[in-house]
Amino acid sequence: MVKKPDTIGARIRYWRMRRGGMTQAVLAGLAGVTQSYVSQVESGRKTIDRRSTLVALAAALQVTVADLLGQGTESGDPARESAAECVPAIWSALIEIEDGERRRATYPRERLTAEIARSDQLRASCNYPAMARLLPALLLEAAAVGGTALAQVAYQASTCLRHLGYRHLALNAVRVAVSAAEDTGDPAWTGASRFAYAQSLPIESAAVAARAADRSLAELQADAADERVRQMLGQLHLSAALTSAVSGRSDATRDHLAEAAREAATLGDPADGAGFNGCGFGPTNVGLWEMSIAAEQGDSGRVIELSRTVRPQVLAASIRQQSYWLDLGRALADGGRRDAEALAAFVQAERAAPVPFAINPLARDAVVALAQRAQRRAIPDDLRLLADRIGIDLVA
């Protein structure tokens, strides 16, 4: 049988019992789902595939989505623990910068440029623990110089912290990035930092994130002659499309996706696979976001259909490739009839970006759900190996 780790379902049950022993039926009624669904999620037999469902369950339990995901609080995963050791120093650096303090630069300009490039390479490969070790000193050195250097490093910090589950600190970092970008007067970096802001807001604030993206789109239109700005306009449309889907605004989702697709068609995929600031905007990235949006809308068939036309390998960032395989795997696992194909997709997702896969609560729960369904049979070797790599203990 499966030795259950601390899953999202287990946390839901924990908080349900903390709320005076709330029954599954009451929770289901408050969250707008069925009692059977709550039961299957709590037992690990079913995963939560929609952000909006997480928001509804968290609201019903009077907790945050982060509480249900265990983000920023869990120990036990080596990658998470390695990065967590650096988070207090990153936080301290951000506080110092936000408070207006500036130390004297100790890095020569060439070293600062090289360290920023190194941090960006780590971001592209999703090596967030190594990135976290660089950031405390790099943030302070970039602050000493200011301008684009600070905007870029603060953007990198927000990405790192968000993927590690520290969204509250990611917001601190992105506010630094927005302020620095606006000081430079460079609309492309302003667009990048505004995109990072929308990405860093908690899932519960999806409507706020969509409105923030809309405002940024309106403000940046005047500079759309700059190709870098057009890439960021495209990314902002994608962000607004997804957050609108979470908020249940299907018309806005459709309109933003259409605008992103139109922009991508004129730009094409970036020749280097990265584009401005590594955003990778183009038709391939639009396809990946469409897959995520279809998953949010509960349309697994559409996810699988889109996957046949999207080629994530043309993009440099490994997180894009992981996104493709993870969304596809979860769609294939829906219903439990294509678990072997789902497992193959999850293996590809983990190979593409091992660190974020291992610390992604939704990815971990998807593996547990496969194992739960496999317990009546022999657990496949590939599933056992994948679980072992991401720290899930399966007992035959």
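Which members of segment 96-146 meet the condition of being open to solvent by 60 Å² or more (accessible area, probe 1.4 Å), among the charged types (D, E, K, R) and closer than 30 Å to Pro354 by Cα? If the condition is that a residue be open to solvent by 60 Å² or more (accessible area, probe 1.4 Å), among the charged types (D, E, K, R) and closer than 30 Å to Pro354 by Cα, then Arg111, Arg118, Arg133 are the ones that fit.
Within segment 300-327, if we keep just the residues that are of a type in the set (Lys, Arg) and touching a helix residue (DSSP H, G or I) at 6+ places or on another chain (Cβ under 9 Å), the residue that is least open to solvent (accessible area, probe 1.4 Å) turns out to be Arg320. The set of residues in segment 175-191 that are under 17 Å from Phe276 (Cβ atoms) and either assigned to a loop (DSSP other than H, G, I, E, B) or among the β-branched types (Val, Ile, Thr) (or both) comprises Val178, Thr184, Gly185, Asp186, Thr190.
For the condition modelled with pLDDT of 95 or more, buried (at least 24 other Cβ atoms within 10 Å of the Cβ) and small (Gly, Ala, Ser), Ala260 qualifies. Checking each residue in segment 370-395 for being open to solvent by 50 Å² or more (accessible area, probe 1.4 Å), within 24 Å of Pro78 (Cα to Cα) and either modelled with pLDDT of 80 or more or in a loop (DSSP other than H, G, I, E, B) (or both) picks out Asp382, Leu385, Arg389, Gly391, Asp393, Val395. All conditions but one from (1) more than 24 Å from Asp269 (Cα to Cα); (2) touching a Lys or Arg at 6+ places or on another chain (Cβ under 8 Å) apply to Leu385; the one that does not is (2). Among residues belonging to segment 328-342 that are open to solvent by 20 Å² or more (accessible area, probe 1.4 Å) and in a helix (DSSP H, G or I), point out the one that is nearest to Asp365 (Cα to Cα). The extreme case among them is Arg330. Residue under question is Val367, and the condition is that it be open to solvent by less than 20 Å² (accessible area, probe 1.4 Å), in contact with a Phe, Trp or Tyr (Cβ under 7 Å, 6 or more places away or on another chain) and assigned to a helix (DSSP H, G or I); does it hold? Against the criterion (open to solvent by less than 20 Å² (accessible area, probe 1.4 Å), in contact with a Phe, Trp or Tyr (Cβ under 7 Å, 6 or more places away or on another chain) and assigned to a helix (DSSP H, G or I)), Val367 qualifies.
Among the residues of segment 151-169, how many are in a helix (DSSP H, G or I) and open to solvent by less than 10 Å² (accessible area, probe 1.4 Å)?
Total satisfying the criteria: 9.
Quick grid of which residues meet (1) part of a helix (DSSP H, G or I); (2) under 24 Å from Gly301 (Cβ atoms); (3) β-branched (Val, Ile, Thr):
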{"residue": "Gly9", "(1), (2), (3)": "yes, no, no"}
{"residue": "Trp15", "(1), (2), (3)": "yes, no, no"}
{"residue": "Val33", "(1), (2), (3)": "no, yes, yes"}
{"residue": "Val41", "(1), (2), (3)": "yes, yes, yes"}
{"residue": "Ile48", "(1), (2), (3)": "no, yes, yes"}
{"residue": "Leu57", "(1), (2), (3)": "yes, no, no"}
{"residue": "Val63", "(1), (2), (3)": "no, no, yes"}
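Would you mind stating whether Val303 is in a loop (DSSP other than H, G, I, E, B) and among the aliphatic types (A, V, I, L, M)? No.
When Ala245, Ala209 are screened for being out of contact with any Asp or Glu (no Cβ under 6 Å at 6 or more places or on another chain), closer than 24 Å to Tyr324 by Cβ and open to solvent by less than 60 Å² (accessible area, probe 1.4 Å), only Ala209 passes.
Quick check, is Arg194 in a helix (DSSP H, G or I), out of contact with any helix residue (DSSP H, G or I) (no Cβ under 8 Å at 6 or more places or on another chain) and either open to solvent by 50 Å² or more (accessible area, probe 1.4 Å) or of a type in the set (Lys, Arg) (or both)? Answer is no for this residue. Residues considered: Arg133, Arg123. Of these, the only one that is over 20 Å from Ile95 (Cα atoms) and in a helix (DSSP H, G or I) is Arg123. The number of residues in segment 266-298 being open to solvent by 10 Å² or more (accessible area, probe 1.4 Å), of a type outside the set (Ser, Thr, Tyr) and part of a helix (DSSP H, G or I) comes to 8.
Given the residues Thr266, Thr253, Thr243, Thr284, which is the only one that is more than 21 Å from the chain's Cα centre (by Cα) and at negative phi?
Unique residue meeting the criteria: Thr266.
Being without any contact (Cβ under 8 Å) to a residue 12 or more places away in the chain, out of contact with any Cys (no Cβ under 6 Å at 6 or more places or on another chain) and not in a loop (DSSP other than H, G, I, E, B): is that true of Ala144 here? Against the criterion (without any contact (Cβ under 8 Å) to a residue 12 or more places away in the chain, out of contact with any Cys (no Cβ under 6 Å at 6 or more places or on another chain) and not in a loop (DSSP other than H, G, I, E, B)), Ala144 does not qualify. Scan segment 343-360 for residues that are in contact (Cβ under 8 Å) with a residue 60 or more places away in the chain and crowded, with 22+ Cβ neighbours inside 10 Å and jot them down. Ala353, Val355, Pro356, Ile359, listed by residue number. If you go through segment 24-71 and pick out every residue that is free of Cβ contacts under 8 Å to residues at least 60 places away in the same chain, surrounded by fewer than 20 Cβ atoms within 10 Å (Cβ to Cβ) and not aliphatic (A, V, I, L, M), you end up with 12.
The values are calculated or read from the model by the stated rules, or taken from the named source; none is laboratory data. Note that the structure is a prediction, hence the values are computed from the model and not measured. Cβ coordinates were reconstructed from backbone atoms using ideal geometry, including for glycine residues, and neighbour counts include every protein chain displayed. Accessible surface areas use protein heavy atoms only, side chains included; no ligands, DNA or RNA. Shrake-Rupley method; radii C 1.70, N 1.55, O 1.52, S 1.80 Å.
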